[in-house]
1. Can you give me the span-like helices of the chain, meaning DSSP H runs with 15 Å or more of Cα extent along the axis and Kyte-Doolittle mean at or above 0.0?
2. From Cα pairs below 8 angstrom and at least 6 apart in sequence, can you work out the relative contact order of the chain, rounded to a whole percent?
3. Which value, in debye to the nearest 20, describes the size of the charge dipole of the range 1-82 about its Cα centre when Lys and Arg Cβ atoms bear +1, Asp and Glu Cβ atoms bear -1, and nothing else is charged?
4. Run the accessible area of the chain with a 1.4 Å probe and give the carbon-and-sulfur part as a rounded percent.
5. Sorted by mean Cβ packing within 10 Å, highest first, what order do the peptides 144-156, 9-21 take?
6. How much net charge surrounds residue 34 when only the other residues with a Cβ under 11 Å from the Cβ of residue 34 are counted, with Lys and Arg +1 and Asp and Glu -1?
7. Please state the relative contact order of the range 1-84 as a whole percent: Cα pairs under 8 Å, 6+ residues apart?
8. If you put +1 on each Lys and Arg Cβ and -1 on each Asp and Glu Cβ, how big is the dipole of the chain around its Cα centre, in Debye rounded to 20?
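The values are calculated or read from the model by the stated rules, or taken from the named source; none is laboratory data. Given the structure is predicted, the values throughout are model-derived calculations rather than measurements. Using ideal geometry, Cβ is built from the backbone for each residue, glycine included, and neighbour counts are taken over all protein chains shown. The protein model used for the area step is the full one, side chains on, heavy atoms only, and it has no ligands, DNA or RNA in it. Shrake-Rupley method; radii C 1.70, N 1.55, O 1.52, S 1.80 Å.
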Amino acid sequence: MAMSEKFLNAVSVVLKHEGGYVNDKNDPGGETKYGISKRSYPNLDIKALSKQDAIAIYYRDWWLPNRYEEIVNEELAAKVFDLAVNMGAWRTNKLLQRSVNITQNNLCLIVDGIIGNKTLKAVNSHHLPQYLLAVLKLEAIEYYLKLNNSHYMNGWVARVLA
């Protein structure tokens with residue numbers, strides 16, 4: 001299956017935010033390259049990971065299973081994906097569902113972290129996708145603030161607002 005232009009644009013943002021090889025003792029992911037962590041992929045030689053292999057992992061393990069390709073608004077799909085790489089897909093998907101519930105008073109999605117047909121329908125039929133995106137960003141910042149980690153806070157907030 002060929003990678004879509006939507007995915008390639010979104011993953012370029014992720015790669016810009018994640019950068020290259022890092023082995024930060026303060027990072028719970030441990031050794032990472034292009035945002036792919038040794039913690040998540042213990043059998044992978046992180047230091048030798050190529051950019052193309054990282055892109056393939058993101059497509060196979062993040063983009064497709066979480067159905068981000070099916071989010072019609074490309075800016076929203078890219079932001080959800082970018083946040084998922086940083087804070088985890090389940091948590092990000094829950095923030096998206098909460099954001100839908102906040103912005104659509106007549107809709108009650110179950111906030112379970114799984115992007116299924118109901119979530120996709122609610123997201124894709126949202127009357128103001130930019131409003132939904134703004135609320136998602138606020139929800140993400142609120143999550144990061146609760147972590148109370150001054151070491152990464154500036155980078156996290158800059159990532160949300162980018």
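1. Details: long enough: 5-18 (20 Å, 0.18); 74-87 (19 Å, 0.59); 89-103 (21 Å, -0.56); 129-147 (27 Å, 0.59); 150-161 (18 Å, 0.11).
Long hydrophobic helices here: 5-18, 74-87, 129-147, 150-161.
2. After rounding, I find 17 percent.
3. Details: 11 positive and 13 negative charges, 50 e Å.
Taking the Cα centre of the range 1-82 as origin, the dipole is about 240 debye.
4. On the way: 4770 of 8780 Å².
Carbon and sulfur: 54 percent of the exposed surface of the chain.
5. My ranking of the peptides, most packed first, is 9-21, 144-156.
6. Working: positive: 16, 33, 51; negative: 18, 53.
Taking every other residue near residue 34 into account, the sum is +1.
7. Details: 82 pairs, mean separation 26.2, N = 84.
Reported relative contact order: 31 percent.
8. Value, rounded to 20: 220 debye.
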